1. Just rank Ile163, Ile182, Ile58, fewest to most, by other beta-carbon atoms within 10 angstrom.
2. Exposure proxy check: Ile106, Ile168, Ile19 ranked by fewest other beta carbons within 10 Å?
3. Build a GNM of the chain with springs between Cα atoms under 10 Å: which of Ala65, Ala206, Ala30 gets the top mean-square fluctuation?
4. May I ask you to work out the translational diffusion coefficient for the chain at 10 °C, viscosity 1.306 mPa s, via Stokes-Einstein with Rh from the Kirkwood sum over Cα pairs, reported in whole µm²/s?
5. Extending each Cα 7 Å along its Cβ direction at Glu223 and Lys29, get the distance between those two points in nm, one decimal.
6. With +1 on each Lys and Arg Cβ and -1 on each Asp and Glu Cβ, and nothing else charged, work out how big the dipole of the chain is about its Cα centre, in Debye to the nearest 20.
7. If the cut-off is 28 Å between C-alpha atoms, which lysines fall inside it for Lys29, apart from same-chain ones fewer than 8 positions away?
8. Going by Cα centres, region 189-244 and region 112-128 are how many Å apart?
Amino acid sequence: MALAPAYDEPSNPPVHVAIIMDGNGRWAKARGLPRFAGHQRGAEAVREAVEGASSLGIRYLTLYAFSSENWKRPETEVNDLMGLLRVYVNRELADLHRNDVRLRFIGDHAALPSDIQNLITGAQDRTRDNSGLNLVIALNYGGHNEIVNACRELASEVKAGRIEPGEIDELAFAAHLSTNGIPDPDLLIRTSGEQRLSNFLPWQLAYSELAFVDTLWPDFTQEHLAKAVADFQKRERRYGATTA
Ligand code: IPE
Ligand code: IPE
Ligand code: MG
């Protein structure tokens, strides 16, 4: 878990870093390999990100693993991605647990194969009391759907007479999102040069700093993470106020 030598340990790391892990397909294509090879290498890069985040003192790392739109891909690719998730969790869980990582999954899990639902529940339960890095995996996650669900839940509470419409404020709303209890990301990184959110955490990223890096996800290393964090630390966050 060595820190990249080119960067000093930051004194004030972001609390929460979210990453859109993009570019697996292009990584494979550039090498004349099937897309699966890119996803396989992409899963290895997850270890780099987790170790890097732990070394840098980041408290929450959220990784976009599968979007609610990714079902549009060919069935074989969807199956490959689900298969890699199985392999990753089964292979890494013991290590993550030993390293005090707490795992949490966000997204609509009802649509996932039942063994994956069990894997998720098991991993969350096993690591529930860990106090190291909080690793959040967004799986079958879609931001619009998350917001609509929150509205439904709040509407039901109003209908049942438990709350008044006027009591719904930003805090109450956020409590109905899947990220309840998790601070909003300070920094969003998207790899592969694409500059869009692709339905990732639209509510939570409202005031995040954005970093779009050209590196394809399978090539992403702890050094890339350290560089993005160092760049983040040079930025001034204003939240609409004037400069100091
Ligand atoms: C990201 O890589 C992995 C997932 C979306 C699951 P892509 O598969 O999107 O790779 P590109 O964008 O086609 O290169
Ligand atoms: C976003 O990447 C989803 C994940 C990284 C899991 P995509 O590759 O699916 O996004 P688009 O289709 O380019 O917007
Ligand atoms: Mg992509």
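1. Values: Ile163 13, Ile182 19, Ile58 23.
Exposure proxy ranking, most exposed first: Ile163, Ile182, Ile58.
2. Working: Ile106 20, Ile168 17, Ile19 28.
Listed from fewest to most nearby Cβ atoms, that is Ile168, Ile106, Ile19.
3. Of Ala65, Ala206, Ala30, the Gaussian network model singles out Ala30 as fluctuating most.
4. On the way: Rh = 19.0 Å.
In µm²/s, the coefficient is 84.
5. 2.7
6. Values: 26 positive and 33 negative charges, 93 e Å.
Computed charge dipole of the chain: roughly 440 debye.
7. Lys72, Lys227
8. 29
No lab work stands behind these numbers, since they all come straight from the coordinates. All values derive from a computational prediction rather than experimental measurement. Please note: Cβ atoms are built from the backbone with ideal geometry, for glycine as well, and neighbour counts cover all protein chains shown.
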